[in-house]
1. Those residues that are in contact with a Gly (Cβ under 8 Å, 6 or more places away or on another chain) and in a strand (DSSP E or B), I need them from the range 207-237; list them, please.
2. From Ser229, Ser217, grab the single residue that is touching a residue at least 40 places away in the same chain (Cβ under 8 Å) and within 19 Å of Thr88 (Cα to Cα).
3. Out of Ala168, Ala200, which single residue is touching a Gly at 6+ places or on another chain (Cβ under 6 Å) and modelled with pLDDT of 95 or more?
4. Tell me, yes or no, whether the range 52-71 has at least one residue that is of a type in the set (Ser, Thr, Tyr) and modelled with pLDDT under 95.
5. Could you count how many residues in the range 104-153 are free of Cβ contacts under 8 Å to residues at least 12 places away in the same chain and touching a Leu at 6+ places or on another chain (Cβ under 9 Å)?
6. Within the range 78-132, can you find the residues that are among the hydroxyl-bearing types (Ser, Thr, Tyr), part of a strand (DSSP E or B) and open to solvent by 40 Å² or more (accessible area, probe 1.4 Å)?
7. Across the range 197-209, what is the total count of residues that are hydrophobic (A, V, I, L, M, F, W, C) and open to solvent by 30 Å² or more (accessible area, probe 1.4 Å)?
8. Of all residues in the range 171-196 being at positive phi and exposed (fewer than 15 other Cβ atoms within 10 Å of the Cβ), which is modelled with the highest pLDDT?
Amino acid sequence: MNLVKQLPIGLSLACLMMMSSCSKEDAAVTPAQQQEQGNIHSSHKGVTYVSPLFSPTIGSVGKEVYPAGWEAYSFGPGEADPLIPAGTSSLTHLWGEGTYPWEKPLPPVPTAPNANSVVTVSNYGSINDISYAGTKIKNLTPGKKYTITFYVATTKLKGAYTTPQQYANSMHVILNAKSVQVSLKGKEATWVPQTITFDAVSNEAVFNFFPTGEIGSYAYAHVFVDQNSIKELIFKL
């Protein structure tokens with residue numbers, strides 16, 4: 001009789017011990033299993049995608065000073081001609097210097113109204129006396145098609161100078177050795193938007209530019225690139 005009464009109690013205790021053991025085992029194993037499952041999911045299904053980079057022209061101003069990713073191209077990448085300067089200007093002054101105001105300040109850029117720095121190149125009176133600046137567009141996928149959008153403008157200095165100051169006639173933009181000419185005639189101190197579509201042939205593309213002007217006069221031209229100036233074109237079938 002006692003055995004009959006004790007049997008259910010014994011079974012109950014055994015079940016309780018088993019449940020307790022299972023709970024402790026689950027508590028010890030489950031986090032590790034979850035971490036392992038997460039790693040497996042990440043390694044098998046996770047995709048690392050690096051966005052294409054067209055460096056913005058936002059940064060410190062100054063003669064021969066360039067935003068991150070930009071440099072002089074007068075004699076090749078990183079080589080500047082000190083007699084034909086390039087650098088970064090503000091919307092109101094050459095190289096951001098208070099003694100060199102623009103005759104007409106540049107208006108805010110439509111896509112970046114708070115930005116106040118532009119990469120400036122110059123033409124010092126002849127077809128040969130010009131400065132270049134440029135950058136490398138990075139993280140491209142060969143065979144993919146991309147579009148870049150940027151702004152160009154021209155200004156001239158306020159006041160009297162030994163050599164006449166004129167607005168630039170045009171800007172020549174070179175992308176992977178292919179040139180695009182942007183007319184600036186009649187568009188003084190005005191941002192002119194430009195869009196170029198190209199096929200990537202490697203993981204980088206060289207982008208640089210220079211201005212043209214009147215013989216015997218100085219001219220300045222500018223390029224602005226914002227933080228979202230490049231897009232990969234995706235075609236749906």
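1. Phe207, Asn208, Phe209, Tyr218, Ala219
2. On the way: Ser217 fails: within 19 Å of Thr88 (Cα to Cα).
The conditions single out Ser229.
3. Working: Ala200 fails: touching a Gly at 6+ places or on another chain (Cβ under 6 Å).
Going through Ala168, Ala200 in turn, just one is touching a Gly at 6+ places or on another chain (Cβ under 6 Å) and modelled with pLDDT of 95 or more: Ala168.
4. Let us first name the residues in the range 52-71 that are of a type in the set (Ser, Thr, Tyr), namely 55, 57, 60, 66.
Right, trim to modelled with pLDDT under 95 and you get none.
No.
5. From the range 104-153, those free of Cβ contacts under 8 Å to residues at least 12 places away in the same chain are 113-114, 128; that's our starting set.
Then keep just the ones that are touching a Leu at 6+ places or on another chain (Cβ under 9 Å); that gives none.
Residues that pass the stated criteria total 0.
6. Tyr124
7. In the first step, residues of the range 197-209 are kept if they are hydrophobic (A, V, I, L, M, F, W, C); the result is 198, 200-201, 205-207, 209.
Cutting the leftovers down to open to solvent by 30 Å² or more (accessible area, probe 1.4 Å) gives us 201, 206.
Qualifying residue count, the range 197-209: 2.
8. Initially, the range 171-196 is screened for residues at positive phi, giving 176-177, 186, 189.
With exposed (fewer than 15 other Cβ atoms within 10 Å of the Cβ) added as a condition, the list becomes 176-177, 186.
Numbers: Asn176: 87, Ala177: 84, Gly186: 95.
Residue satisfying both the conditions and the ranking: Gly186.
The values are calculated or read from the model by the stated rules, or taken from the named source; none is laboratory data. Note that the coordinates shown come from a computational prediction; the quantities given were computed from them, not determined experimentally. Note that we place each Cβ from the backbone using ideal geometry, even for glycine, and neighbour counts take in every protein chain shown. Each accessible area value is taken on the protein alone, full model and side chains, heavy atoms only, with ligands, DNA and RNA left out. Shrake-Rupley method; radii C 1.70, N 1.55, O 1.52, S 1.80 Å.
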